[in-house]
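The values are calculated or read from the model by the stated rules, or taken from the named source; none is laboratory data. Since the structure is predicted, the reported quantities are computational estimates derived from the model, not experimental observations. All Cβ positions, even for glycine, are placed from backbone atoms using ideal geometry, and neighbour counts span all protein chains on display.
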Amino acid sequence: MSARCLPCTLLLLAAAATSPLRGATYNVQEVGWAGNTVYARDINDRGQVVGVAYHIGGGARHAFLWQNGQAQDLGTLPSAASSEAWALNNSAQVVGQSGGRAFLWDKGTMSDLGMLPPDFNSTARGINSTGQVAGTSYIDGQYDRAFLWENGTMSDLGGLGGTSTRANAINDLGHVVGTSALSPSSQVRHAFLWEEGVMRDLGSLGDWAEAWDINNNGQAVGHSWGGTTQTQVAFIWENGVMRSLGTGWAYGISDAGDAVGVTWPGGASRAVMWRAGQTIDLTSLLPANSGWTLYGARAINKVGQIIGAGSYNGRDAAFLMTPIPEPSALVGLCVALAGLAVFRRR
């Protein structure tokens, strides 16, 4: 191995040592904003969280960016009374909706992304590392149209034959997922994948399906329902095949292929992670007597941190789970860092 490659290799070993391992437990903390009811919607690889907070007393709702235990009010578009954030990237660019219009918040400034004519509402649901934004432009009660926004231009992504199409997420390759009606005369919807100008029907496991997230390896997750049982089923789609994960909704997926969402054994909602064919109750991964019961998971980042909704000592609250490396992983990290220190002294 060359001396030039050694530092990179050691850093990769360190990163691998701190990655979430099967069977690892998690620390948990509240994503809060004093005096507000908070819903967490997305998390980036830096552990920053966005969502919406409902101001107790005033009734308004505002988008927020949470980091290091503190929430920042992102404000609203001019003349708008409310805002809500749906997604962010690793540069802390945030997208959502304010006053019925899609917005992009960047370095303290919230900008109106516009809409597809002749619509009068829009919402942004996803943003990738290059600043491309996916969302939906619509006229209430008539139709929805999925869009891709980049460099100041909003483009219609088309549909699967119907007049209603919604976009929910975009990955770093610019691939968009969501749901689309199959014909103007039918409200039956299938999940879709849009890439390089072409919208692909991902099918369903019943009558309807909606994709909620896609990772950088092209794996998409969502939920499907309908058919003879009318059961809500979480799914993962990869390599052209949609596969059931069991009863529930899958909202997020990491690049490692771990999906998170909600299921309801016995009628009670539970936050879960689907990993390697297993359905894992996330509450069971928390320290004993944590005071938390986790109802639903919304998103998971590259390092395995998970956000969602739960109950903390009987009070509804948003949560952030962070994996605790197993002892063997910590030993590997120490060895890698020690090797790097020796190399630097040469």
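Quick look at the numbers
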quantity	calculated
Filter result for the condition that a residue is among the charged types (D, E, K, R) and either in contact (Cβ under 8 Å) with a residue 60 or more places away in the chain or touching a strand residue (DSSP E or B) at 6+ places or on another chain (Cβ under 6 Å) (or both), over Asp42, Asp106	Asp42
Which numbered condition Ala211 fails, given (1) outside any strand (DSSP E or B); (2) small (Gly, Ala, Ser); (3) under 15 Å from the mean Cα position of the chain (by Cα)	(1)
Scan of the range 113-130 for residues that are at pLDDT 95 or above and in contact with a Ser or Thr (Cβ under 8 Å, 6 or more places away or on another chain), ordered by number	Leu113, Gly114, Met115, Leu116, Asn121, Ser122, Thr123, Arg125, Ser129
Verdict on Ala191 being touching an Asp or Glu at 6+ places or on another chain (Cβ under 7 Å) and in a strand (DSSP E or B)	yes
Selection status of Leu21, part of a helix (DSSP H, G or I), among the hydrophobic types (A, V, I, L, M, F, W, C), at pLDDT below 90 and surrounded by fewer than 16 Cβ atoms within 10 Å (Cβ to Cβ)	no
The range 126-180, subset aliphatic (A, V, I, L, M) and part of a loop (DSSP other than H, G, I, E, B), residue nearest to Ser91 (Cα to Cα)	Leu173
Odd one out for Ala34 among (1) part of a loop (DSSP other than H, G, I, E, B); (2) surrounded by 15 or more Cβ atoms within 10 Å (Cβ to Cβ); (3) among the aliphatic types (A, V, I, L, M)	(2)
Selection from the range 236-256 of residues that are part of a strand (DSSP E or B) and within 15 Å of the chain's Cα centre (by Cα)	Ile236, Trp249, Ala250, Tyr251, Gly252, Ile253
